[in-house]
Each structure stands twice: as structure tokens, then as C-alpha cells.
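Novice: Sending over a structure as C-alpha cells; questions will come in a sec.
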Amino acid sequence: MTNQAWLIKEAISEAVSQLQTASQANPHKLEAELLLCHCLGVTRSYLLTWPEKRLSNAESSAFFELVQRRATGEPIAYILGTREFWGLELAVSPATLIPRADTETLVERALEKIQQIQQPHILDMGTGSGAIALALAYERPDARVIAVDYSTDALDIARQNAERHQLKVKMLQSDWFSALAEQRFDCIVSNPPYIERHDPHLTQGDLRFEPASALSAGQDGLADLRQIIEQAPKFLNNQAWLLVEHGYNQADAVQTLFKQAGFCAVQTHQDLSGHPRVTVGKIDDDTAQ
Ligand SMILES: C[S@@+](CC[C@H](N)C(=O)[O-])C[C@H]1O[C@@H](n2cnc3c(N)ncnc32)[C@H](O)[C@@H]1O
């Protein structure tokens, strides 16, 4: 079937039917178009302008190979190698989580917290593709931003993204706070792994292809959050904030961890779908260590 020279419009409609057979839930036409753009190195407007253009045999077979990968469930972001976050096109790879739109809630809240601070010192823990750190550096060019991750492969991608957008973020390999002795920040943000080890979602959809080390955190999903929240006060200035993303059903447990660690003004914010997703807390004079 791929050993033929398709017209652009025919190739797209054949791809849509192959993707529909594989899953009922995806925006098939858009995905087919994005895959074809990727193959041909063109924009979508080119496809709309030249629907009658004939693809070469090589172009057709390269395109339908990608369609097959997508039909088996591989995330479109990994096939294309990019995902947009906060308006920035970011490289992603199977070493990084695919940034989620819901995580923009964390960025919005962090920007509010540092609004009044000149040259804020910001730490992003578990940066993956660099999404959160780069969004903050983009919005606050005066900030000094450090991003850490345990995975050197993820940090390579994060560095590429910083370079691509000419944003200044210091990327460090670190097991949470271990490489950060003696530093204090005005704001620490983190979207750590928080899925329960045996959560059935881990065997479904995009999650099957994403690194387990970016997703799951112990039996109850709270192992990394616990560690970050407990240790954060030693790395925060007075009046500084910690903001973490967590599971939709973890807000109560996370709020308790914040209070036990001595944070005040603890509050949870909802994501775009209305789920409790981001919990924040502040260090004040009485609790700073
Ligand atoms: C849920 S992903 C978040 C990625 C990115 N911040 C985002 O929002 O798209 C969690 C990240 O934490 C990193 N990570 C896991 N364990 C870590 C540890 N002990 N120390 C530092 N980073 C860790 C993973 O490699 C992964 O990149």
C-alpha cells in the first residue's frame, strides 16, 4: 500500500482511516497532517495549497511508516520530536515527559508569586524537557533560574531547548536537592513523578511510552513529593514559595505535608479541567530554617 505515489489529499485521507481503525479518540486529520508536514518539511498551509501534488514513493512510504507508529499508540510528540509549552516549541524525546497543558497552571501561579521580586532566584526540580524553567525564564528575563533533573538524557534535551530559545537557565544533574548545597531561592517549582506505582493508567495511552522514572513515585505516588516538601524549607528564603503539581486526588495529602514541613498560606489551585492540581505554600519568619 505504501509502494505508490499518493496525492497529498489521498495520503491524508488514507492515514485518517488507518488512525481511526487504531483508535476512536484522536484528532486524526490534524495528526495525519502534522505527520505529513514532518515528513515533507513543510507547513500545513502547503498541504492545503497543494492537495493535488503527488508524493514520491519514498515520501509516501516514509509517511505511512510514521502513521503506523502513531497507529500503535506512540505519542505524536515523540514521533514529531516536539511539543509546544507556554508558546515555546520544545524538543522532547523518550527520555523526557511530554509537557502537559495543565502544567501551565503551575507556571501561572509561580509568576504571580514572584511578581514583586526583582531578579528572583528560581529553582525547577525535575525539569525534564525544561518546560517550566524555560517558560519562567522567558517571562522573567531578569530571573536567575536553575533547573535540576536526575536524568542526564533529559538534561541534554533541556539544554538544547534553552539554546534554541536563547534562554538562560543553569541545568544541573542532581538527585532532588543533593547538588544544591547552601543555596536559597525565592521560588521553588516542581512537577515531580506522582503516579501510584500500580496505577492502571501507567499501562494506557501516552504514559506507556514515557519514562517510568518521570511518572511514578512509590506505592502511594507521594514519595518524591514528600521528599521535596520536607527538604524545601532549607533552600527557601524568608517569604519564599514552594509550588508543586500533584495528582487530582492528592491535594489533601500534599496540603498535610506542606503544613507538617512548616509552610503557611497553603492553598491548592485547579487545573484547566477543574481538578485540584497545584499546591503552594510560603515560608515566613517563624518557619524559615
Ligand atoms: C513528571 S516529570 C516533569 C518534567 C517537566 N518538569 C514537565 O513538567 O514536563 C518528572 C521529572 O523528574 C525527574 N526526576 C525523577 N526523580 C528525580 C530525582 N530523584 N531527582 C531529580 N529529578 C528527578 C524525572 O527525570 C522527570 O524529568
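Novice: Filter the range 129-142 down to the residues that are open to solvent by less than 10 Å² (accessible area, probe 1.4 Å) and in a loop (DSSP other than H, G, I, E, B) and list them by number.
Specialist: S129, G130
Novice: Then there is this: What strands (runs of 3 or more DSSP E) completely inside the range 216-289 contain at least 2 residues that are open to solvent by 50 Å² or more (accessible area, probe 1.4 Å)?
Specialist: Numbers: elements: 236-245, 264-270, 276-282.
Answer list for the range 216-289: 236-245, 264-270.
Novice: While we're looking at this one, here's another question. Looking at this structure, is K234 more than 16 Å from V148 (Cα to Cα), out of contact with any Phe, Trp or Tyr (no Cβ under 8 Å at 6 or more places or on another chain) and either of a type outside the set (V, I, T) or more than 12 Å from the ligand (Cβ to nearest atom) (or both)?
Specialist: Details: more than 16 Å from V148 (Cα to Cα): yes; out of contact with any Phe, Trp or Tyr (no Cβ under 8 Å at 6 or more places or on another chain): no; either of a type outside the set (V, I, T) or more than 12 Å from the ligand (Cβ to nearest atom) (or both): yes.
Judged against the criteria, K234 is not a match.
Novice: Checking S213 against (1) among the small types (G, A, S); (2) open to solvent by 80 Å² or more (accessible area, probe 1.4 Å); (3) without any contact (Cβ under 8 Å) to a residue 60 or more places away in the chain, which single condition isn't satisfied?
Specialist: Looking at each condition in turn, S213 falls short on (3).
Novice: Do you know which of the residues in the range 24-72 that are basic (K, R) and either assigned to a strand (DSSP E or B) or in contact (Cβ under 8 Å) with a residue 24 or more places away in the chain (or both) is most open to solvent (accessible area, probe 1.4 Å)?
Specialist: The initial filter retains those residues of the range 24-72 that are basic (K, R), namely 29, 44, 53-54, 69-70.
Going one step further and asking which of them are either assigned to a strand (DSSP E or B) or in contact (Cβ under 8 Å) with a residue 24 or more places away in the chain (or both), we end up with 53-54, 70.
On the way: K53: 79, R54: 136, R70: 24 Å².
Among those that are basic (K, R) and either assigned to a strand (DSSP E or B) or in contact (Cβ under 8 Å) with a residue 24 or more places away in the chain (or both), it is R54.
Novice: How many of the residues making up the range 143-200 are closer than 19 Å to H246 by Cα, part of a strand (DSSP E or B) and away from the ligand (no atom under 12 Å from the Cβ)?
Specialist: So the answer is 2.
Novice: Also: Just checking, how many residues over the range 132-157 are touching a Ser or Thr at 6+ places or on another chain (Cβ under 7 Å), free of Cβ contacts under 8 Å to residues at least 60 places away in the same chain and among the aliphatic types (A, V, I, L, M)?
Specialist: 4
Novice: Now for a different question. For the subset of the range 173-210 comprising residues that are under 16 Å from I98 (Cβ atoms) and among the hydrophobic types (A, V, I, L, M, F, W, C), which member is surrounded by the fewest Cβ atoms within 10 Å (Cβ to Cβ)?
Specialist: Ranking the candidates gives F209 first.
Novice: Tell me whether the range 78-87 contains one or more residues that are outside the structural domain of L207 (by TED's automatic domain parsing), basic (K, R) and farther than 30 Å from Y138 by Cβ. Spell out how you get there, then give the answer.
Specialist: Within the range 78-87, the subset outside the structural domain of L207 (by TED's automatic domain parsing) is 78-87.
If we keep only those that are basic (K, R) as well, we get 83.
Then keep just the ones that are farther than 30 Å from Y138 by Cβ; that gives none.
No: zero hits.
Novice: Are there any pairs, at least 6 apart or on different chains, whose C-beta atoms fall under 7 Å, with the first in the range 96-107 and farther than 19 Å from Q160 by Cα and the second near the ligand (Cβ under 8 Å from one of its atoms) and not aromatic (F, W, Y), and if so, which?
Specialist: T103/A131; T103/I132; T103/N191; T103/E245; L106/I132; L106/N191; L106/E245; V107/I132
Novice: Out of all the residues in the range 98-125, which are near the ligand (Cβ under 9 Å from one of its atoms) and open to solvent by 40 Å² or more (accessible area, probe 1.4 Å)?
Specialist: R100
The values are calculated or read from the model by the stated rules, or taken from the named source; none is laboratory data. Everything quoted here is computed from the prediction, not taken from an experiment. All Cβ positions, even for glycine, are placed from backbone atoms using ideal geometry, and neighbour counts span all protein chains on display. For the accessible areas, the whole protein counts, side chains as well, though only heavy atoms, and no ligand, DNA or RNA atoms are used. Shrake-Rupley method; radii C 1.70, N 1.55, O 1.52, S 1.80 Å.
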